[in-house]
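Below is one structure; the comments refer to it alone.
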Amino acid sequence: MKNILIIGGGTGGCIVANTLAKKLDDDEAQITVISASEQHHYQPGWLYVPFGREDARSLTRPVRSLLKKQINLLIGKVEQLDNENQQVILDNGDTVTYDYLVIATGSVPCPQDIPGLSEGGNHFYTEKDSFALYQILQEFRGGKVVIGVGGLPYKCPVAPLEFTFLFEEFIKEKGLRDKTEITYTFPLNAVFNIPSVAEVAEPILQERNINIETFFNLEEVKADEKKALSLEGTELDYDLLIMIPPHRGVPFLQGHDIADAKGWVKTNKQTLHAGDHKNIWALGDTTDIPISKAGSTAHFEGPVIAKQIVADIRGQELGEDCVYEGHVMCFLETGYSKASIIDFDYSSPPVLKAPNALMHYQKMAFNKAYWYLIPTATI
């Protein structure tokens, strides 16, 4: 019997675990998931919490409830990965060995990487921070608002744009639009790093009288003076700063030999192997693959890894479906009950349709159906 260890109880980890549990017999493998939290969070829902459209408490489920019964679940944080001896060490000192390892640890917002951002900025990338921003917006009465991306890479790439659109709608409905100046910032020379997305988003920003600051790489936030400063020398005054922090991989991966200094696992973009390790895979946010760090990425990567593990255990040849083709799909919410969809892979660049009501309501439906369609999927 083989020991399969999956680190991470998020979207990717649950999909891999449940798919393996469906495809393998009980006498072929023991499947264990290590999750740092007892709760699985539907992170895309945090976008709506600041506007009162979602309750943060409704966006979680126990990890145990999403896994098949034969899957072992351990709650704890991994302190060390010893890939030479094929084991991990938890924060309580326990050691867990493996024959196959899947790393699905996601990414971590790190506002502390930018001086002053923790003190002077807000964001919605955690349950706690999204609710704190909800409380702030309940008291908002107008002023200068700066919304942007504080560093690359970060997860849910279109979310800062979506938040900007939803915020403009929110203050308009509250009768505060003429009392509010909105500025959107992005580190590159466009409003988004995918040209087809930028071509759709920029005219909407302009139509809604939202200022645009590109080439704005946040260097420092002077919280006492309420100023955001960029590496390029731009200085923005604000009354409210909503800035997505730069992200890192989880601490035990930062500087590990299978990852870089910031914790991004060096991953083969097609097989999803971690470097030259044929029994270690990575997926989702934690990889260094230059594609979107999004839940759909992990969704499409998970079955590829599961099929490779099953084939190896059974001594079977790998099929064509054991290669990840870079498939990513996500919605772009533009406010006022309209949205578009982004769907692409390594060989097919995204082509966006004009935002429309159908896409918006499809996204709303997906947000509710997530629990039944995605983490419990056995593809």
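Taken together, the values in this text are just the output of simple stated rules run on the coordinates, not laboratory data. Since we're looking at a predicted model, the values are computed, not measured. Don't worry about glycine lacking a Cβ; one is built from the backbone with ideal geometry, like all the others, and counts go over all protein chains shown.
Looking only at the stretch 111-246, where both bridge partners belong to it, what percent of the DSSP beta bridges are antiparallel (to the nearest 5)?
Counting only bridges with both partners in the stretch 111-246, antiparallel ones make up about 30 percent.
Starting from the 7 Å offset along Cα-to-Cβ, what nm value, one decimal, do you get for the label separation of Glu79 and Tyr346?
3.9 nm
Under 29 Å from the Cα of Lys23, which lysines turn up, not counting those fewer than eight places away in the same chain?
Within reach: Lys2, Lys68, Lys69, Lys77, Lys266, Lys269, Lys278, Lys293, Lys307, Lys368.
In nanometres, what is the gap between the two model label sites at Glu199 and Thr234, each 7 Å from Cα along Cα-to-Cβ?
Inter-label distance under the simple model: 2.3 nm.
Find, among the trypsin sites (Lys or Arg not before Pro) in the stretch 299-379, those assigned to loop by DSSP (not H, G, I, E, B) with at most 14 other beta-carbon atoms within 10 angstrom.
Those that pass, being in a loop and sparsely packed, are Lys353.
With the convex hull built on the Cα atoms of the chain, state its orientation-averaged projected area in nm².
With the hull built on Cα positions only, its mean projection is 18.5 nm².
Would you calculate, for the chain, the mean residue ellipticity at 222 nm contributed by helices, counting each DSSP H stretch of 4 or more residues as -39,500 (n - 2.57) and dividing by all residues, to the nearest 500?
Mean residue ellipticity at 222 nm (helix-derived): -8000 deg cm²/dmol.
Counting only complete DSSP H runs, which helices of the chain cover 24 Å or more along their long axis at the Cα atoms and score a mean Kyte-Doolittle of 0.0 or above?
Within the chain the helices that satisfy the rule are 295-314.
Using 1/(1 + (r/R0)^6) with R0 = 51 angstrom and r between the beta carbons of Lys353 and Glu225, what's the FRET efficiency to the nearest 0.05?
Computed FRET efficiency for Lys353 and Glu225: 0.75.
Quick check: net charge around Ile75, other residues with Cβ under 12 Å of its Cβ, Lys/Arg +1 and Asp/Glu -1?
-1
Mind checking the full-extension length gain between Lys144 and Leu373? Use 0.36 nm per residue of separation minus the Cα-Cα distance, one decimal, nm.
Contour length minus Cα-Cα distance gives 78.4 nm.
Kindly state, to the nearest 0.05, the FRET efficiency for Lys2 paired with Ser65, given R0 = 35 Å and r defined as their beta-carbon distance.
Efficiency for this residue pair is about 0.85.
What order, most packed first, do the peptides 328-335, 317-324, 157-164 have when packing is the mean number of other Cβ atoms within 10 Å of each residue?
157-164, 328-335, 317-324
Classify the stretch 196-269 from the C-alpha gyration tensor, please: rounded if a/c falls under 1.5, else prolate or oblate depending on whether a/b exceeds b/c.
Oblate shape, in that a/c is at least 1.5 and b/c is the bigger or equal ratio.
If I build a Gaussian network model for the chain, linking alpha-carbon pairs within less than 10 angstrom, which residue out of Gly315, Gly275, Gly12 has the largest mean-square fluctuation?
Comparing Gly315, Gly275, Gly12 in the GNM, the peak value goes to Gly315.
Once you have the Cα-Cα distance between Ala311 and Met364, take 0.36 nm times their residue separation minus that, and quote the gain in nm to one decimal.
Gain on extension, Ala311 to Met364, equals 15.4 nm.
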